[in-house]
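A short worksheet on the structure shown next.
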């Protein structure tokens, strides 16, 4: 599944290589040459992952990573550090700053894609192509199909994305605004009550197999998907 990836890298040659290879794998790529340009992009869009060079003009990648992790809106965006520094202490510093992984230059496109896939699987599983199944409810993101006890269920595109996100984050309660950010994108301006409408549609679509009970309302907090009765 394609992801939106912000590349923060000041060398034009590496920018082009990364943009080409990421694009070949279906990812949407945003490019920033320094921390300030990256910060401006992040004000308008929330990427699924940041590829961040350590050595940047002005504010360093390490300092920018700290800035991202201290921002409530951005703190959960996965970060992979790109750097020529190969000393163990440098890797430890990068990881302690909040990076999810660390790749030393030069690296192969194959290694980069494997690292991206692994980080997304850990931090943003809804962006992967893995089949997910809970209590007899099975969702296949590649085939874009949902089955309840092996019988196909008919979901609209928004309900499919909503269910995929909730199935990859079971037992966690999400507010309406959090679901809007994760499922619709924080750059889309819609009313929070829109979430209620799509939750109702999702429950209706899951009702034939009895899986509508998995979608639980948590009074005063939001919604969660759980196989455990409320």
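The values are calculated or read from the model by the stated rules, or taken from the named source; none is laboratory data. Nothing here was measured: the structure is a model prediction, and the numbers come from that model. Using ideal geometry, Cβ is built from the backbone for each residue, glycine included, and neighbour counts are taken over all protein chains shown.
Odds and ends about this structure:
- Each residue in segment 166-177 was checked for being part of a helix (DSSP H, G or I) and surrounded by fewer than 19 Cβ atoms within 10 Å (Cβ to Cβ), and 2 of them qualify.
- Residues (assigned to a loop (DSSP other than H, G, I, E, B) and either in contact (Cβ under 8 Å) with a residue 12 or more places away in the chain or within 25 Å of residue 207 (Cβ to Cβ) (or both)) located in segment 117-141: 124, 128, 129, 131, 135, 136, 141
Yes/no per residue for (1) in contact with a strand residue (DSSP E or B) (Cβ under 8 Å, 6 or more places away or on another chain); (2) assigned to a loop (DSSP other than H, G, I, E, B); (3) within 22 Å of residue 68 (Cα to Cα); (4) modelled with pLDDT under 85:
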| site | (1), (2), (3), (4) |
| --- | --- |
| 91 | yes, no, yes, yes |
| 103 | yes, no, yes, no |
| 115 | yes, no, yes, no |
| 143 | no, yes, no, no |
| 158 | no, no, no, no |
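- Qualifying residue in segment 186-201 (condition: in a loop (DSSP other than H, G, I, E, B), modelled with pLDDT of 95 or more and more than 23 Å from the chain's Cα centre (by Cα)): no
- Any hit, segment 151-158, residues being surrounded by 17 or more Cβ atoms within 10 Å (Cβ to Cβ) and touching a helix residue (DSSP H, G or I) at 6+ places or on another chain (Cβ under 7 Å): yes
- Residue check, residue 125 modelled with pLDDT of 90 or more and either closer than 21 Å to residue 3 by Cβ or assigned by TED's automatic domain parsing to the domain that holds residue 198 (or both): no
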